[in-house]
1. For Gly7, only one of the following conditions fails: (1) crowded, with 20+ Cβ neighbours inside 10 Å; (2) not in a helix (DSSP H, G or I). What is its number?
2. Sort out which residues of the range 123-137 are exposed (fewer than 13 other Cβ atoms within 10 Å of the Cβ), aliphatic (A, V, I, L, M) and under 28 Å from the mean Cα position of the chain (by Cα), and write them in order of number.
3. State yes or no: is Val104 in contact with a helix residue (DSSP H, G or I) (Cβ under 9 Å, 6 or more places away or on another chain), assigned to a loop (DSSP other than H, G, I, E, B), open to solvent by 10 Å² or more (accessible area, probe 1.4 Å) and at pLDDT 95 or above?
4. Can you tell me which residue in the range 38-63 is most open to solvent (accessible area, probe 1.4 Å), limited to those that are in contact with a His (Cβ under 9 Å, 6 or more places away or on another chain) and under 22 Å from Glu116 (Cβ atoms)?
5. What's the number of the only condition in (1) over 16 Å from Val103 (Cβ atoms); (2) open to solvent by 60 Å² or more (accessible area, probe 1.4 Å) that Thr33 fails to meet?
6. Identify, from the list Ala69, Ala28, the residue that is part of a helix (DSSP H, G or I), under 23 Å from Gly122 (Cα atoms) and open to solvent by 70 Å² or more (accessible area, probe 1.4 Å).
7. Being in contact with a strand residue (DSSP E or B) (Cβ under 8 Å, 6 or more places away or on another chain), over 27 Å from Ala69 (Cβ atoms) and open to solvent by less than 70 Å² (accessible area, probe 1.4 Å) is the requirement here; does His118 meet it?
8. Can you name the condition, by its number, that Leu54 falls short on among (1) under 27 Å from Gly71 (Cα atoms); (2) not in a helix (DSSP H, G or I)?
Amino acid sequence: MTPEEVGRRVVALLTPVEATASVSGGQAHARATVDVPPVAWADTLRAVRDDAELACDFFDWLSAVDELAAGFDVVVHLWSTRHRHGVLLRTRVPRQSPTVASVVDVFPGAAWHERETHEMFGVDFTGHRDLAPLLLPPEFEGHPLRKEFVLASRVAKPWPGAKEPGESEAGGGRRAVRPPGVPAPGEWGVVPAPAGPVTVGEGAPARAPRERPARPAGARPPRTARSGAAGDPPAAGDGPARGDQGGDQGGTA
């Protein structure tokens, strides 16, 4: 079934409940999206699961979207392992009392998803037997995925320069800040030489070693023997050769 056909089938199953069908983005991965009132939330999931034409028997995921003053959209994605099509079911709960029925009895795998959505958005799921914290410590206050939640990092450590457009009157953009111990560009490694004159602190590249020109063959002058003084040992090449010494000894014997 195409996404349009899936949406029309869900709307027909829910009659006389008022439901609105549309198609999500994603081109080839588009899904039928059906908006239903909160009172029909659990019944809608059961009908989509049990209908032979839809047969969405696989629970994929459940979460929420913060729509600020409009409330919270609780969204679930179901998939049919038989027909290979999916559907997005969505309901909107008010911000003052975000409550909707639990679907754990329809899909037991929704238990952890409802716990996470309750923890991160503050949505209550009536009928869920244990909405204990799943990811955060019990003493944590607030719901981190609500849009009015202030990030703790902004409170503990102010961002250097302007935080976001309109958050600071200092003007200008964010200035780059190096972590402690990290050298500036040009102070290490091989970097290209700058186009203009280099001043101190700009990180000029290291100077390449100077190469000495090769000496042409035969240009080295011959080594001369040193003239020996009194008491100095004879230098190499000084004195008679070994054969001459033998000849003198033989002549005087």
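The values are calculated or read from the model by the stated rules, or taken from the named source; none is laboratory data. Remember, it's a predicted structure, so these values are computed and weren't measured experimentally. Backbone-built Cβ (ideal geometry, glycine too); neighbour counts: all protein chains shown. Side chains are part of the model used for accessible areas, which takes the heavy atoms of the whole protein and leaves out ligands, DNA and RNA. Shrake-Rupley method; radii C 1.70, N 1.55, O 1.52, S 1.80 Å.
1. All conditions are met except number (2).
2. Leu135
3. On the way: in contact with a helix residue (DSSP H, G or I) (Cβ under 9 Å, 6 or more places away or on another chain): yes; assigned to a loop (DSSP other than H, G, I, E, B): yes; open to solvent by 10 Å² or more (accessible area, probe 1.4 Å): yes; at pLDDT 95 or above: yes.
Considered against the rule, which asks whether it is in contact with a helix residue (DSSP H, G or I) (Cβ under 9 Å, 6 or more places away or on another chain), assigned to a loop (DSSP other than H, G, I, E, B), open to solvent by 10 Å² or more (accessible area, probe 1.4 Å) and at pLDDT 95 or above, Val104 comes out as yes.
4. For the range 38-63, the residue satisfying everything is Trp61.
5. Going through the list (1) over 16 Å from Val103 (Cβ atoms); (2) open to solvent by 60 Å² or more (accessible area, probe 1.4 Å), Thr33 breaks only (2).
6. Criteria check complete, one pass: Ala69.
7. Numbers: in contact with a strand residue (DSSP E or B) (Cβ under 8 Å, 6 or more places away or on another chain): yes; over 27 Å from Ala69 (Cβ atoms): no; open to solvent by less than 70 Å² (accessible area, probe 1.4 Å): yes.
It is false that His118 is in contact with a strand residue (DSSP E or B) (Cβ under 8 Å, 6 or more places away or on another chain), over 27 Å from Ala69 (Cβ atoms) and open to solvent by less than 70 Å² (accessible area, probe 1.4 Å).
8. (1)
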